[in-house]
């Protein structure tokens, strides 16, 4: 998609046309909800069907990680999303989630990967931890703790742009250990067009369960490599410039975060390079961009949407 700049004054009009979607949790199921556009359309029974479909999709995986189809990526991402929502509760504030989706959908539209199998979805997590996650299929989660590190819309846009960067660069899929793919390939090659034996099905299922664990561990427990984080930062700077946001907002957020992170915590401090090291790298990138001055109406919108968060 050809890169275009979007003036912030057209932000609401553009974002509204894209549509807003969200996520909610009922029991252990992952539910899709269109904020303001109808009731929750999923149930625990549907979540069970989703799990069954995901299992079938995994057994039909292609011979290499690079050949994972959008449909397979969708099921992988949805499975990881369910894991995230079993660990964190969604923040039940419609105004804040509407706003997060409006902002996120607008940024995604101008990214290098504007279209996904089931589009992008953004949700606030009810947690004081400072963190944000993005699954391969386009689910982006931002904690309340992270939102509190954002003093203005440019900063929040930068957080979302960074997560979109992870998605478009497929960092989640690249965190799958290579031997998982090799193992799946061997099983598929040996069987060819024959029916799978029970042992082969079990091996494939185990392989992809481990693959899910690889991605989840990278997202939540250990974090991505420094090179992946720097690449996502660079992608964010480019995307923010296209949409008309000030890329320095990411630096502002990191400076606030560095004061609020607790040593030895289980959040951003554990899963990301230090804010100081990222700031040093970002300052070089941001210096090359022509940043716009935010409008007063933008700050009012930001404060009204996230009041109380």
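The values are calculated or read from the model by the stated rules, or taken from the named source; none is laboratory data. The structure displayed is predicted, hence computed values, not measured ones. Using ideal geometry, Cβ is built from the backbone for each residue, glycine included, and neighbour counts are taken over all protein chains shown.
Residue selection: residue 173 fails the criterion of being within 18 Å of the chain's Cα centre (by Cα) and modelled with pLDDT of 95 or more.
Here is a yes/no grid of residues against (1) buried (at least 24 other Cβ atoms within 10 Å of the Cβ); (2) touching a strand residue (DSSP E or B) at 6+ places or on another chain (Cβ under 6 Å); (3) at pLDDT 90 or above:
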site: 84; (1), (2), (3): no, yes, yes
site: 90; (1), (2), (3): no, yes, yes
site: 98; (1), (2), (3): no, no, yes
site: 104; (1), (2), (3): yes, yes, yes
site: 112; (1), (2), (3): no, no, yes
site: 115; (1), (2), (3): no, no, yes
site: 122; (1), (2), (3): yes, yes, yes
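Does any residue of region 75-95 turn out to be over 13 Å from the mean Cα position of the chain (by Cα) and closer than 22 Å to residue 231 by Cα? For region 75-95, residues over 13 Å from the mean Cα position of the chain (by Cα) and closer than 22 Å to residue 231 by Cα: absent. Restricting to region 215-227, and then to whatever is within 20 Å of residue 81 (Cβ to Cβ) and part of a helix (DSSP H, G or I), can you tell me which residue is modelled with the lowest pLDDT? That would be 221. If you filter region 266-307 down to residues that are modelled with pLDDT under 70 and assigned to a helix (DSSP H, G or I), you find that the one that is surrounded by the fewest Cβ atoms within 10 Å (Cβ to Cβ) is 270.
Considering each of 195, 246 in turn, give the residue that is modelled with pLDDT under 65 and outside any helix (DSSP H, G or I). Of the residues listed, the single one that is modelled with pLDDT under 65 and outside any helix (DSSP H, G or I) is 195. Of all the listed residues (190, 212), the sole one being at pLDDT below 60 and farther than 23 Å from residue 107 by Cβ is 190. From the list 161, 128, 155, exactly one residue is surrounded by fewer than 24 Cβ atoms within 10 Å (Cβ to Cβ), more than 15 Å from residue 97 (Cα to Cα) and touching a helix residue (DSSP H, G or I) at 6+ places or on another chain (Cβ under 7 Å). Which is it? Only one candidate qualifies: 128.
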